[in-house]
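The next block holds one structure in the form of structure tokens; read it before the comments.
Derivation of every value follows stated rules applied to the coordinates shown; laboratory data play no part. These numbers were taken from a predicted model, which means no experiment stands behind them. So basically every Cβ, Gly included, is an ideal-geometry build from the backbone, and we count neighbours across all protein chains shown.
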Amino acid sequence: MTSLASSIAWKPSRRGFLASSAAATAAAVRPASLRAEGANDRLRIAVIGTGGRGYGNLRSVAEGNEITVLCDVYEPNLRKAAEEHPRAQAFADFRRVFDHANSFDAVVVSTCEHTHAFATLPALALGKHVYCEKPLSYNVEEARKVRRAAREAGVATQMGIQIHSGDNYRRVVELIRSGAIGDVHEAHVWVGRAWGRQSAEDAKANGDIVTALERPEGSEPVPEGLDWDLWIGPAPMRPFHSVYFPGPKWYRWWDFGNGTMSDLGSHWNDLPFWALDLDAPTSIEAFGPPPHPEIAPASMRAVYEYPARTLASGKTRPALTLTWHQGTERPPQVRDGIVPAWGSGCLFVGTKGMLLADYGKHMLLPEKEFEGFTAPEPSIPSSPGQHAEWLAACRGEGETTCGFEYSGLLTEANHLGNVAYRVGKKIEWDTAAMTCPGTPEAAPFLSRTPRAGWSLS
């Protein structure tokens, strides 16, 4: 296995499908810049993480552009991508990617959650545009650092929450901001996915792909072509086991991810965040099974309190209680049959009515009270898609809607729900100091010291 201290480029297999390094270098002679030279210029893109979601991202950004660098810790994933882009340089260790900064203008990060910030921050420091899969970071401190770095870099950034680019979310935002249901003082978000620590019987019933109540005691052979040391990256080392790899098995293990809230919360909490102009909560309290030191819960609930506030535009927003429901948890309006029992959804409760939405549809409730209602004319332009929006911004054409300033705050809030759950008590949140006053036991969940050989600086 490759040691942490080393940064060895991935070598071609016996099939010899990669172009020579000389050819790859010859294709990358143009100096990097903050903006492409013109609207029609092909962007040179480095893609870090080429399997699963990463492969989808690669396919989405490749058309009309030049993939100059590829990186993945798993050789089969890297091989597949390199066969499609044979002129690209290929590496196992993403730290090596940044030794070749003159060969790319933009970076796509599609690694596992625990390495997102470690791949994103060097790119921002070099003035590269960055598209990062959700969630933006592994913890609050990392999200804060990425937000600050993106602000200082002044580049085009986007977090991959694809549903944000759909028209349905836009119509919901317009309805809420138009006052269709009055002042919103309560909101609920629920997702039906119940993945995490649970019995084998419950895991089967809930469609979970991993059944584990404790960390495995033994180890299994590392799959051929996987650099397990690099995959672990900044997280604490542990022996390989198939309960962690391949993804998304890893996402329920606290060392590598933050469960369903961190994953699907990026999609579902995005809607109230956008519609209600949310930023930092003042307190969070979570409920669920006793927290486990290793594994995130299958089901839980987190209650966020947001104060009344005045926006930069001069508009005011009332105090709000936002509740996240995961797995078997449901809002009282769903349990009591007041609103349709959709498998997942977002419910806004206002002084004049309610609005229920999911990814693709929405409705005003009670329906009889909104008979004949005319929705406001669309005011938020349609998006060409998350990737196309970012690529255009890289070329200086418009702005992204999920840039790191916005998505960093969303990521922080999702992480804070898990912090409250793991602490086991209500926490107050001082966003300026990035602390939980009176709850020192929350500190280890806000940040962590990376493993030797890894640094966020």
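In nm², what is the average projected area of the convex hull enclosing the Cα atoms of the range 51-127?
If you wrap the Cα atoms of the range 51-127 in a convex hull and average its projections, you get 4.8 nm².
With 11 Å as the cut-off, how large is the P(r) tail for the range 235-280, expressed as percent of Cα-Cα pairs?
Tail fraction, whole percent: 72.
Just give me a number: lysine pairs in the chain, eight or more positions apart or cross-chain, with C-alpha atoms less than 22 Å apart.
Lysine pair count for the chain: 9.
Over the alpha carbons of the range 379-442, what is the largest minus smallest coordinate on each principal axis, giving the biggest first in Å?
Rounded to whole Å, the extents work out to 46, 22, 20 Å.
In whole angstrom, how long is each semi-axis of the equivalent ellipsoid of the range 100-147, when you take the square root of 5 times every eigenvalue of its Cα gyration tensor and sort them from largest down?
19, 11, 8
Towards the positive end of the charge dipole of the range 90-216, with charges on Cβ (+1 Lys, Arg; -1 Asp, Glu), say which of 192, 158, 213 has the farthest Cα.
Among 192, 158, 213, the one farthest towards the positive end of the dipole of the range 90-216 is 158.
Would you please state the base-10 log of I(q)/I(0) at q = 0.05, 0.11 1/Å for the chain, with intensities from the Debye formula using one equal scatterer on every alpha carbon?
Once normalised to I(0) and log-transformed, intensities are -0.18, -0.90.
Can you show me the helix-derived [θ] at 222 nm for the chain, built from DSSP H runs with n ≥ 4 at -39,500 (n - 2.57) apiece and divided by the number of residues, rounded to the nearest 500.
Calculated from helices alone, the mean residue ellipticity at 222 nm is -8000 deg cm²/dmol.
Lys/Arg Cβ at +1, Asp/Glu Cβ at -1, dipole of the chain taken about the Cα centre: which of 299, 266, 121 is farthest positive-ward?
121
Could you tell me which of 254, 223, 236 has its Cα farthest along the dipole of the range 214-261 towards the positive end, charges placed at Cβ (Lys, Arg +1; Asp, Glu -1), taken about the Cα centre?
The residue sitting most towards the positive pole is 254.
Just to be sure I follow: if Rg is taken over the C-alpha atoms of the range 85-166 and Rh is the Kirkwood radius over the same atoms, what is Rg/Rh?
0.96
Report, in degrees rounded to the nearest 10, the 0 to 90 angle that the Cα long axis of helix 75-84 makes with the longest principal axis of the chain.
The answer is roughly 80 degrees.
In whole angstrom, note down how far apart the Cα centers of the range 111-185 and the range 334-369 are.
26 Å
If you place +1 on the Cβ of every Lys and Arg, -1 on the Cβ of every Asp and Glu, and leave all else neutral, what size is the dipole of the chain about its Cα centre, to the nearest 20 Debye?
600 debye
Listing 171, 301 from the residue with the fewest other Cβ atoms within 10 Å to the one with the most, what is the order?
171, 301
If packing is taken as the average count of other Cβ atoms within 10 Å, what order do 362-370, 229-237, 267-275 fall into, highest mean first?
Result, highest mean first: 267-275, 229-237, 362-370.
Could you tell me how many degrees, from 0 to 90 and to the nearest 10, lie between the Cα long axis of helix 116-125 and the main elongation axis, the longest principal axis, of the Cα atoms of the chain?
70 degrees
Near residue 283, within a Cβ-to-Cβ distance under 9 Å, what is the net charge of the other residues, with Lys and Arg +1 and Asp and Glu -1? Provide the component values of the computation, followed by the final result.
Details: positive: 426; negative: 285, 305, 428.
Net local charge, residue 283 excluded: -2.
So if I place +1 on the C-beta of Lys and Arg and -1 on the C-beta of Asp and Glu, and nothing else carries charge, what would the dipole magnitude of the range 176-311 be about its Cα centre? I want it in debye, nearest 20.
220 debye
Taking all pairs of different Cα atoms in the range 188-282, averaging 1/r and flipping that mean, what Kirkwood radius in angstroms comes out?
Numbers: mean 1/r = 0.0648 Å⁻¹.
Every distinct Cα pair counted, the radius reaches 15.4 Å.
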